[in-house]
Each structure stands twice: as structure tokens, then as C-alpha cells.
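What follows draws every value from the coordinates through simple rules; no lab data is involved. What you see is a predicted model, and the numbers here were worked out from it, not measured in a lab. Backbone-built Cβ (ideal geometry, glycine too); neighbour counts: all protein chains shown.
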Amino acid sequence: MTDRKEGEMLADRFRLVRPLGSGGLGEVWLAEDVRKGRERALKLLADDLARHPAHIDRFRREFSVAQSLVHPAIVRPEEFVSDGGSHFFTMPVLPGGHVGGRSGEPWSDAARRLLPVCDALAYAHRKGVVHGDIKPQNILLDESGAACLTDFGAAVLPDAAEDGRVRRPGGSLAYMSPQRLEGRSARTSDDVYGLGCVIHELLCGFPPFSPDISEEAIRGGELAALAAPEGRPQLPDELAELVTAMLARDEDSRPVTIQAVRAALDEILAESATTETPSEAAAIVARARAGARTDAADGPPAPALQRSSGVPIWVAYALGGILLAAAAVLFFVLPRFAEERASRRPPPERIVQETEAPRQDMQLLRIQREAADAAMGDMLQDRNYLATLQPSLWSGGAWEQAIAEEEKGDGFYRRREYPDAQGAYGTAGAMLRELREQAPDIGRAALEEALQAIESGDQATALAELEKAGILLGATDPEVQSASRRAARVPETMQAVAEARASGREGSLEEQRTAWQAVLGIAPERQSARRELSAVNARIDQQLFNSRMSRGHAALGEGNVEAARTEFEAAAKQRPNDPGPVEALAALELEERGQRLAQLQAAAMAGRFAEDWPRAADNYRGMLEIDSNIVAAQRGLAEAETRARLDEALENTIANARLLNRDDAWQRGRRLLDEAAAIPAPGSRLDGQLNRLEQALAVAATPAPVWLRSDGLTEVTIFHVGRLGSFDSRMLELRPGAYIAVGTRDGYRDVRREFIVAPEGLPEPLVLICTDPI
């Protein structure tokens, strides 16, 4: 199943609200479309199935099938969305729940509610789609209570018989027919059975064979008599008979089409409204239960129930659509074939003297004849088309069998055995229709046989098969024309092939390649020549590859790394998937890597000995870029970076010794000196730095005499020393270093003096007098 949670966002658009249900392929969730501000139902493919392309394809197929069915009573999906590993499609929300929630309602309401479902199923069947999972949960109700069909996940498609796919059984046990339990793909009769189960549940409050629903019960159990729940109106006998017929174990005893079920429900509902005339519903249901099924159960549904033993039970349905279809065939199709049929006009006894028969029999006979005429007209369309294609040449006897069946129908027709004539014409028509459908495939097969004959040098067979292909595919078909040109060049081609094979025994690889290229120059489509040329090219390619690898290893053995790399890279480009060049380049890389590591380590050690710590750190970093797990390089880098920082600090402090006269700077210098002195085995550079810093600190700590002179009116201040006031002359003890003195006097510009006190003091007094009036 899907691992989803309420509130989760899908495709940055759909917020999951709550689960609505689950099935074989996944779950259905109510979701909010935050982009469009509306609610939608999302059918999500199960997470474990979404990892398999075959299941994703089947899920897409369900979406495509349902979207292709445009009918008011079919829920049509809107969008298919793939978001990362999630796949789902959106559908409108039907707020009425599923039809199972109406179980136990009056039978007439249930029957009327399912009429649109019958129409939807009939429409799908006409499209060649069998639903395969009819159950209450797949019949949803809109806000008005109208029923809509949904979930085509178990549907059998029109191409199910041809595409070779294995169909899953699909469906739910309580609503599966005995035939589906045997593993057969769904047919229209199984949809009839499933709808019968739904009607049973709506009428009785529970599905058939409840509460002990099992495969054994469905296959051989006794179906209990239908009865409405207590307190509900009694079920009409005809309705009970209809449902029983729909649930017949033998599919041939069920109503043949959903249209037949719809017609019976209409009749039963009509009879429930008036009882003034005898009901025909019972007869309809009885004939439906006795109806025999044609072999085309998997094809598009027939317009009504089929005939059983000579009497067509579909005539019980006086449906206007069927009569209109028959009339259309009679007035528009048959005239096109009147000229052909005139040559085979039946004897006079074929004409029915309807006025001599009772009116009811005459009407029945007329309907039977019109049906036979319609079947004959359908058959003649395929017959006349095929007659232009010389079918005796390529049909393998199927054409002759169909003509024999047609003639059998003519015999029935002359004897006014119209139902049997209709059956014979239908059989002949089915054979001819199948032959017509097979004609392109037979043509393609003949073309393939011709191509094989051309490859083997059998010109006679190739020309014979091309004649068939030209008839069935058309002489202007590009492939037929190409094959015909090849067939004409067979002698010349085979001579070139013989020469090429001789070169394979005696010539070099280049000579063999030239010979097979010559064959393809005559017959470019010849596949065997292409294979031979490919084999020769492969041997030449192998030869070149081996040569490059040999040269590369030889260069590596001589220490010529660049030459070896050139050869190995050329071999890798020639064969990207061959492991040989990859391994050789890897070995080359290891060799270069080792050499580079050795060079970097030597440079790092040289930097250590020279106390050039930045250079040592750079080389250690280079080693770690090649292999970050080298412990010696890690430790060396840590030491080099520490010593480089210390070296820089010592040099800066010594260079700025004049600033050590400040207490904070002097303390920092002292700590730096202690840190440097703690390093074991210092080198000559560090020893020199220690001596110079120690001397600078000592000088900075010893005060020197400094004489100041002023005019007794100027206020004197020395930064980092203090305010001295006004005086004429004064001597101070200052630590060597840099100082700034400022003199101020009201009405005069300030004076500023920067001076440096040497260890022995100032050579002369420092004068600070404001003399410039403002």
C-alpha cells in the first residue's frame, strides 16, 4: 500500500485529507487541490508497485482506458501525475458514496438507479472494453444519487488477445463469476454476472451466497431464492428470474448482452406501473436464460440475445435501434451488392407469401429474413473486398471454406430457414472478416519469406513470395519495392558474396573488409553481409586495441609515463566499457601518485629543517589533497601551521618593538616569548627571534629621562601617560618607545608632537608651547 499521511503534499499541489478506499493497485484519497481551490479524488499507485515499470505501465493503461470512455455514467479521470517515485491520477469527487449504501431500498428504485450503469457498460463493451470488476464499491453516486461506473483497473482491453500480456484475474471474490475463478480473462458475460451480484445485494441486502462466500459456493453452491428485506415490497417474479439468469453458472445461460439486461429491467419497471396487459418480462427472462452464446463472447457485444436452436431469441426485444440498424442495412448496404447477388438469385420458393400465413407468423418471418439479409450484406462487404486480392493464392484454403459456408447459407435461405441462413452468413462473414484482418499480416509474412529467400540466394522463392506481398501490401509499398530490387540483383550479389568468403580464407583483415563492403555496395540491405562486415571490423578493432595496450605497457616499463598514458587513454576511448584500459590507467595513477607524494614529503621536510614553516605547510596540504588519510601529513601540517603562526607573531612583535612601552603590548610580548621558549629543540631562526624579543622587552621595561619645556600657559598631556598640566620645565621617567604629546591653550591652536624615547632618553628637551592664536 501507500505510506501516506493526512496533510501530506503531493506534487506541491494536492494536500491529502483522508483515505477513501483501497484496491489491488493502491489507495484512493480525498485531496485538496490548493492551486485550484477544490477537492479531488486521487488514486495512488501502491509504493511497492511503483518500483516496477510494468505496474506503472498498467496503472497508466487504466488511466488511458478510463479517460477514453466518454459517457455520462462513467467517472472520467482528469490528470496523470508522476512526482518523484509517486504516481497517481485525479478524478472528480462523487459525494454520494457507493451504491452499496443504498442496499435494501425499494426494488424499483434500485432498478432505475442501475439503468445508467447498464448504459455505461454497454458503451464500454461497444468500445471493446470489459470492466472485469463490477461491484458496489465501483459504482459511485453523485450528489443527486445518480450512479456512475468507475475503476477500470481490472479491465480487459481490445488488444488483450493480441498483445501477449498475461492478464491478472482482478475483481473481488463475492462478485466474480465461476469462469473468472478459473483464471479466464474477463468477458462481457462476466460483467453481466457481476452486475447480477450487485442487483442481488441491492435487492436482498447481501451478495449471493452470503454469508459463506467462497470459491466452492460460487462454482457449485445453490443460490437461495431472492427475497426483499422484511418491510419492503415483494420482488416481481420476473425480476427475480432476471437476476437468477444473470447469476447462472453457465455463461451461455446468462443474458448475452448488457443491452438485454437493460431491456428486461425497462420491461419489468413498465409492467410494475401498469397491469392492464399480460407481461412479456417473464418470457424475456426465460429466453435470456435459455439463450446460446456465439463464439464472439470476447468481441463487441451483439445487439441482442443470440439464437439457440433455430429460433432467434433476440426477436423478443422489439427494440427500435435494432430494427433501424436492420433497415439501414436493407436500404443502404444491400443495394450495393444487388448486381452480384442477382447472378445468384434464389428460386421463386424463396419469396415468402406472407399473406398466406397468420399475421404474427408473417411478422416473425419478415424480421427473420431481414436479419438474414443484414448478415448477408455484412458478409458480402468482406467477400467482395477479398475477391480482388486473389485469396486462393495466399489464404491457405480459408477462402474456399468461407465460400462453402456462404453457399450453405444460400441453401437455408432458399428453404426460408432464415435463422439458419443468418447463422451461416454470420459464420462465413466472421471467417472472411478474420481473413481480411489477417491479410496485412500474411502479406508481411510473405515479405519476410521473400527477404529470407534473398538472403539465401533463392531467387525463385523470393519472386513467388513477393508476388503475394505485392497483392496484399500493394505493389507501391516501399518495402515490397525494395525487396523486388534486391531480388533482381540476387545473382550479382551471390557472386560478390562468394568472393568475400574466399577473401576470408586467404586475405588480410583489410582485404576482407573491402570485399564485404563491395557486397553491401551491391545489396546494402543484406543483413548477413552486414554481420560479416561487423565481425571483420570487430577483429580489426580488437587488433588495434591490443596494439595500443601493448605499446602502453611497454612505455610504462621504460618509465615513459606520458607515452603510456596516451596509449591507455586511446584504448579507453576506443572501448569505454573494457576494464583493461581502466585498470592500466589506475595503475599509472598509483605510480604517479606515489611519486608525487614522495616529492611533496621531501619538500615539506626541507621546509621544516629550514624553519620555513609556510612552505612546509603548503607541501603537507598537497600530500593531504592526494590522500587525506596520511597521518604523518596530518601531524606535520598541524605543527607547521602552529610554527608558521608563531614565527609571524614573533617577527611582527620584534618589528614593532617601539609599541612595547604600553603595558598590554608588553604583556603580550612576554607571553609570546614564553610560548616560543617552551618549544623543544628550537632551530637557529627561533633562537635568534627569542634573543631579539627578550632584548626588546628588557629595553621597553627600563624607563629613561625625558625633559619637557613649556611656557607655563600651555596644558600638556601625553597619551598613555597622563595629563601633566602647565609648567615651564619638567623631567619625566618614560619607558623607551613611541609617544604622542598634545599641548592646549584657550584662544590658540593645539600643538601635537610624536616622539620616540630611546633607551638613553631624548637627546634634547621636548618643547610644547601653543603660539598660534585662533
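Could you rank the peptides 746-753, 620-627 by their average count of other C-beta atoms within 10 Å per residue, with the highest value first?
Details: 746-753: 13.1, 620-627: 16.8.
For the peptides 746-753, 620-627, the packing ranking is 620-627, 746-753.
When the chain is fully extended, how far beyond the present Cα-Cα distance does residue 223 get from residue 695, taking 0.36 nm per residue of separation?
Working: separation 472, 0.36 × 472 = 169.92 nm, distance 11.69 nm.
So the chain would gain 158.2 nm between residue 223 and residue 695.
Apply the Debye scattering formula to the stretch 422-541, with a single equal point scatterer on each alpha-carbon and no solvent, then give log10 I(q)/I(0) at q = 0.14 Å⁻¹. Log-scaled intensity ratios, in q order: -0.66.
The residues packed around residue 29, meaning those with a beta-carbon under 11 Å from its beta-carbon, carry a net charge of +1 if Lys and Arg are +1 and Asp and Glu are -1. Among 80, 152, 59, sorting on how many other beta-carbon atoms sit within 10 Å of each Cβ, with the fewest leading, yields 80, 59, 152. What the phi angles of the stretch 245-260 give under the Karplus curve with 6.51, -1.76 and 1.60, with θ = phi - 60°, is a coupling list of 5, 5, 9, 4, 5, 7, 4, 6, 9, 8, x, 5, 9, 5, 4, 5 Hz, glycine and proline written as x. The order of the peptides 645-653, 576-584 by mean Cβ neighbours within 10 Å, most packed first, is 645-653, 576-584. A simple spin-label model places the labels of residue 573 and residue 546 2.3 nm from each other, with each point 7 Å out along Cα-to-Cβ.
For residue 662, nonlocal amide neighbours, meaning residues 5 or more places apart or on other chains whose placed amide H falls under 5 Å from its own, do not occur. Placing +1 on the Cβ of every Lys and Arg and -1 on the Cβ of every Asp and Glu, with nothing else charged, gives the stretch 704-767 a dipole about its Cα centre of roughly 120 debye. Going from the residue with the fewest nearby Cβ atoms within 10 Å to the one with the most, 568, 209 rank 209, 568.
The trypsin sites (Lys or Arg not before Pro) of the stretch 11-56 that meet both conditions, a loop assignment by DSSP and at most 11 other Cβ atoms within 10 Å of the site Cβ, are 35, 36, 51. With R₀ set to 22 Å, the beta-carbon distance separating residue 632 from residue 561 gives a calculated FRET efficiency near 0.30. Expressed as a fraction of 2.2 N^0.38 Å, the C-alpha radius of gyration for the stretch 494-577 is 1.44.
Across the stretch 89-99, coupling constants 3J(HN,Hα) worked out from phi with the 6.51/-1.76/1.60 Karplus curve, θ = phi - 60°, read 9, 9, 9, x, 8, 9, x, x, x, 9, 5 Hz, and Gly and Pro carry x.
For residue 39, the residues whose amide H sits under 5 Å from its own are 33, ignoring neighbours fewer than 5 places away on the same chain, with H placed 1.01 Å from N.
If each residue's Cβ is checked for other Cβ atoms within 10 Å, how do 631, 757 rank with the fewest at the top? Numbers along the way, then the final one.
Values: 631 7, 757 23.
Lowest to highest Cβ neighbour count: 631, 757.
Coupling constants for the stretch 632-647 follow from the phi torsions by the Karplus curve (6.51 cos²θ - 1.76 cosθ + 1.60, θ = phi - 60°), and in residue order they are 4, 5, 4, 5, x, 5, 4, 5, 5, 5, 5, 5, 5, 5, 5, 4 Hz; glycine and proline get x.
What the Cβ-Cβ distance of residue 39 and residue 64 gives, at R0 = 22 Å and to the nearest 0.05, is a FRET efficiency of 0.35. Sorted on the mean count of surrounding Cβ atoms within 10 Å across their residues, most packed first, peptides 531-539, 263-271 read 263-271, 531-539.
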